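Bear in mind these aren't lab numbers, they're just calculated from the coordinates by the rules spelled out. Not measured: the values here are computed from a predicted model. Glycine also receives a Cβ, built like all others from the backbone with ideal geometry; neighbour counts cover every protein chain displayed.
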Amino acid sequence: MGKLYGLIGYPLDHSWSKKYFEKKFESEGLNGFNYKLFPVHLSKDLILLVQNNPGLAGLNVTIPHKQTVIKYLNVIEASASEIGAVNCIRIVRVDNEITMMGYNTDTYGFEMAIKPLLMPHHSRALILGTGGSANAVAWVLKKLGIEFMFVSRRPYDCNQVSYNFLSTENIKAFPLIINATPVGMYPNISFVPQMAYEALTSDHLLFDLIYNPTESGFLISGKKYGAQISNGLSMLEFQAEKSWEIWEPNLDRK
């Protein structure tokens, strides 16, 4: 018997999840398995969505619901609770009872994507943004022993700085810079985070969680000054596979 999976968020024009999972279902012969986009405005609409789709067994969660959706879930996995953001929900139905369990696969996806790129000198990082994705990035950097600071438009604690901090001197001091904001994402591809790109060198690694466009303005600017660059596509692929393991833990994966 087939099952339904999907993605909630708003807007969803930028998502590739539907094509990714549909291709996966076809290649693995999972007949009757489907993936659907659910453009949900409010996190509270999750309850009605799950009730109205009895075949729904799992959801991915994207902007702007990663943090606000938590209060509507029954169980939160430990790292997701610590980060304060959920981007994967497993839905279990027993008789008439529905249990929704929240996970964060951003951590797994980012760690798997960033580790092959890291060099010993990438010991200090700047994280652009302070949302759910930024918190997941910070969780991974802490695990890897990399010192970091958040960059925010409205800094509110001692580990956050404003974009005015991104001067030539400070950019040189942080060889790893991660964009965890939607700035530069399609269709607003002309926008770039404001920083002293001219201070970048070949020792810098710029990682953008954005995957559409393939090279954001942030990455193009970094490449111009010789920095190593990477977009978020591999991270998304790792995330998707981790979501699948969560949704179908008993599926034969030989």
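Remarks
- Ranking of 148, 207 by count of other Cβ atoms within 10 Å, fewest first: 148, 207
- From its DSSP helices (H runs of at least four residues, each -39,500 (n - 2.57)), the chain gives a residue-normalised ellipticity at 222 nm of -8500 deg cm²/dmol.
- Efficiency of FRET from Cβ geometry, residue 215 and residue 117, R₀ 22 Å, rounded to 0.05: 0.90
- Here 204, 121, 65 are placed in order of increasing Cβ neighbour count within 10 Å, fewest first, which gives 121, 204, 65.
- Using only side-chain charges placed at the Cβ, +1 for Lys and Arg and -1 for Asp and Glu, the dipole size of the range 1-112 relative to its Cα centre rounds to 240 debye.
- Positive dipole terminus of the chain, leading residue within 17, 163, 76 (C-beta point charges): 163
- Residue exposure proxy: 119, 195, ordered by other Cβ atoms within 10 angstrom of their Cβ from fewest to most, comes out as 119, 195.
- Proximal charge balance of residue 222 [Cβ under 10 Å; K/R count +1, D/E count -1]: 0
- Extension reserve of the residue 78-residue 53 stretch, reckoned as 0.36 nm per residue once the Cα distance is removed: 6.3 nm
- The chain: antiparallel DSSP beta bridges as a percent of all, rounded to 5: 25 percent
- Net charge of the neighbourhood of residue 148, taken over other residues with C-beta under 11 Å away and scored Lys/Arg +1, Asp/Glu -1, is +1.
- 25 Å Cα-Cα reach of residue 36 towards lysines, excluding residues that sit fewer than 8 places from it in its own chain: 3, 18, 19, 23, 24, 44, 66, 71, 242
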